[in-house]
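K.L.:
Before I ask anything, here is the structure I am working with.
The values are calculated or read from the model by the stated rules, or taken from the named source; none is laboratory data. From a predicted model like this one, the values you see are computed outputs, not experimental measurements. Counting neighbours? That spans all protein chains shown, and the Cβs are built from the backbone with ideal geometry, glycine included. Note: areas computed on protein heavy atoms with side chains; ligands, DNA, RNA excluded. Shrake-Rupley method; radii C 1.70, N 1.55, O 1.52, S 1.80 Å.
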Amino acid sequence: MQVERASASQTPIELDKDVEYFWDFVLFSCEGHLFCVPKYRFITGSEVFPSKFGRDGHVRSGPSDIVGVDDVLELDVGAEDFRNFLRALHPKYPEQALELSKDQWLSVLQLSTKWFFNDFRRRAIDNLTAFNLDPIEKICLGTQFNVSSWLKTGFHELVTRTEIITVEDARQIGLETAIKVYGIRDLWNKSGNPCDDTTLNVKIEIAFASELRTAYDVERQHLPAREREMEEEAKNARELEKREEGQRQEEHERLQNAVAEAKRVLEENNDALEKFEKARKVSAIILPATQSLISMLPTISTPEKVSTSPATSATATAAVPVPSIFGSTSPTPSTASTGFSSAISFSAPAPAPAPAAQTQPSSTRATATSNPSTKSATTSSTQYPSSGDLKFAPSTPKSAFGTPAKASAFGTSGVSRGSGGKPKASFAGYGSGGWGS
């Protein structure tokens with residue numbers, strides 16, 4: 001099939017550019033070499049490269065977009081390294097497996113890390129790991145390109161290998177790193193029972209925490225778009241789970257506090273109920289006994305007004321024998337004529353006598369006899385005299401026949417109150433030569 005060229009006189013035919021396969025090209029210059037490659041992979045493969053070199057995803061028209069001096073981009077990388085990177089980015093034979101050497105994959109790793117081609121960085125790391133790098137290479141490359149897996153395996157293999165750490169090894173990995181590795185290695189070799197891989201990995205992560213933390217941060221920045229989305233989703237899920245766990249913990253603590261408070265209130269109520277039951281039992285025992293004691297007490301009434309009349313004054317006399325002046329303790333028929341007997345009479349308190357009564361003879365004033373037929377006082381209860389109301393009155397001597405005896409030559413004796421209410425003894429003599437009063 002021949003394609004006829006349009007003559008100059010003919011009208012040019014307008015063609016629509018295909019959306020998918022009308023690719024734009026870009027020119028790069030490295031160490032004096034000019035490269036012309038499709039721009040598509042440089043736009044879709046990295047989020048940093050287009051903005052860094054001023055290239056967006058718009059396709060420009062015109063022949064100058066394909067070849068032009070103004071569009072050449074100068075790159076600050078080696079021509080061989082860029083060529084190796086283009087082998088992975090634009091393989092000549094896509095249907096064949098990409099086979100690159102170790103150095104070629106290192107070039108891909110270097111530029112993909114520099115320009116954030118994260119998918120190619122991951123691909124380069126996987127292919128380089130298959131080359132069985134030695135511990136020193138893993139530590140050096142892991143430190144240079146921030147690959148945490150290479151760092152951990154390199155430290156582990158360097159600690160557990162039988163060969164010593166040479167000066168050249170220490171120079172390559174760094175003196176400080178070599179000293180840390182030697183310390184872990186020495187402890188691991190001196191222990192009689194070497195620790196397992198898990199414990200050794202923990203020791204390595206503790207000793208090289210700073211280096212590993214830097215590698216983790218860089219690896220997180222170089223995650224592919226899909227993995228970054230998955231990582232963000234996992235992070236959000238972890239944060240959500242953490243918040244829910246905190247809420248569940250708070251709810252659990254709240255329920256525990258509520259249960260503890262309910263138990264405390266229940267214990268207090270049980271204690272109060274127990275005290276109430278004890279009090280009720282004690283009350284059931286004490287109350288009947290108290291009522292019985294109250295019923296046994298005598299009835300006490302208010303005393304009535306005592307009459308102040310001298311004739312009706314209360315006199316409760318109790319005759320108590322007192323010894324006579326001659327030693328006789330009580331009158332008898334045989335000694336009635338020669339001995340005297342006296343008695344102490346107790347009388348109820350009498351009201352103060354009228355002033356006229358003070359002129360009466362002392363013998364009449366000092367004598368108080370009891371009259372059985374006269375009631376001493378009208379009270380509702382028995383009145384007992386106090387010690388200040390005692391009166392001592394002599395009993396009238398009687399003969400053996402019960403009649404009053406006459407006064408002997410020695411007179412009669414008696415006890416009456418003197419001045420100031422004090423009792424005094426008085427003797428009534430017989431005749432001028434008898435006992436005076």
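K.L.:
Taking region 196-249, which residues are among the small types (Gly, Ala, Ser) and either open to solvent by 60 Å² or more (accessible area, probe 1.4 Å) or touching a Cys at 6+ places or on another chain (Cβ under 6 Å) (or both)?
P.N.:
SER210
K.L.:
Still on this structure, please answer the following. Count, please, the residues in region 157-167 that happen to be surrounded by fewer than 18 Cβ atoms within 10 Å (Cβ to Cβ) and touching a residue at least 40 places away in the same chain (Cβ under 8 Å).
P.N.:
Going through region 157-167 one residue at a time, the tally reaches 1.
K.L.:
Turning to a different aspect of this structure: Quick check on region 88-95. Is at least one of its residues loosely packed, with under 10 Cβ neighbours inside 10 Å, modelled with pLDDT of 90 or more and not polar (S, T, N, Q)?
P.N.:
The answer is no; no qualifying residue exists.
K.L.:
Shifting gears a bit: Which members of region 28-46 meet the condition of being under 60 Å from the mean Cα position of the chain (by Cα) and without any contact (Cβ under 8 Å) to a residue 24 or more places away in the chain?
P.N.:
Scanning region 28-46 gives a single hit, THR44.
K.L.:
May I ask you to list the residues in region 112-156 that are of a type in the set (Phe, Trp, Tyr) and open to solvent by 60 Å² or more (accessible area, probe 1.4 Å)?
P.N.:
Once the filter is applied, which keeps residues that are of a type in the set (Phe, Trp, Tyr) and open to solvent by 60 Å² or more (accessible area, probe 1.4 Å), region 112-156 yields only PHE131.
K.L.:
Then there is this: Just a yes or no: is a residue in region 190-201 among the hydrophobic types (A, V, I, L, M, F, W, C), over 16 Å from LYS138 (Cβ atoms) and at pLDDT 90 or above?
P.N.:
So far as region 190-201 goes, no, none of its residues is among the hydrophobic types (A, V, I, L, M, F, W, C), over 16 Å from LYS138 (Cβ atoms) and at pLDDT 90 or above.
K.L.:
Quick one: would you say VAL67 is over 14 Å from ASP24 (Cβ atoms) and either modelled with pLDDT under 90 or hydroxyl-bearing (Ser, Thr, Tyr) (or both)?
P.N.:
It is false that VAL67 is over 14 Å from ASP24 (Cβ atoms) and either modelled with pLDDT under 90 or hydroxyl-bearing (Ser, Thr, Tyr) (or both).
K.L.:
What about LYS281, is it of a type in the set (Lys, Arg) and either surrounded by 10 or more Cβ atoms within 10 Å (Cβ to Cβ) or at pLDDT 85 or above (or both)?
P.N.:
It is true that LYS281 is of a type in the set (Lys, Arg) and either surrounded by 10 or more Cβ atoms within 10 Å (Cβ to Cβ) or at pLDDT 85 or above (or both).
K.L.:
Okay, next question. Which of the following residues is touching a residue at least 60 places away in the same chain (Cβ under 8 Å) and of a type in the set (A, V, I, L, M, F, W, C): LEU212, LEU255?
P.N.:
The unique qualifying residue is LEU212.
K.L.:
So LEU109 ticks every box in (1) touching a strand residue (DSSP E or B) at 6+ places or on another chain (Cβ under 9 Å); (2) surrounded by 18 or more Cβ atoms within 10 Å (Cβ to Cβ) but one. Which box is left unticked?
P.N.:
With (1) touching a strand residue (DSSP E or B) at 6+ places or on another chain (Cβ under 9 Å); (2) surrounded by 18 or more Cβ atoms within 10 Å (Cβ to Cβ) applied to LEU109, the lone miss is (1).
K.L.:
Further question on the same structure: Residues of region 151-186 being farther than 13 Å from GLU211 by Cα and basic (Lys, Arg), which ones?
P.N.:
ARG161, ARG171, ARG185, listed by residue number.
K.L.:
Residues PHE131, PHE82: which one is among the aromatic types (Phe, Trp, Tyr) and not in a loop (DSSP other than H, G, I, E, B)?
P.N.:
Criteria check complete, one pass: PHE82.
Matching residues to (1) open to solvent by 60 Å² or more (accessible area, probe 1.4 Å); (2) at pLDDT 85 or above:
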site: PHE25; (1), (2): yes, yes
site: HIS33; (1), (2): yes, yes
site: ILE43; (1), (2): no, yes
site: PHE53; (1), (2): no, no
site: ASP56; (1), (2): yes, no
site: SER61; (1), (2): yes, no
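K.L.:
Please verify whether ARG248 is charged (D, E, K, R), under 27 Å from PHE155 (Cα atoms) and without any contact (Cβ under 8 Å) to a residue 40 or more places away in the chain, treating the condition exactly as stated.
P.N.:
It is false that ARG248 is charged (D, E, K, R), under 27 Å from PHE155 (Cα atoms) and without any contact (Cβ under 8 Å) to a residue 40 or more places away in the chain.
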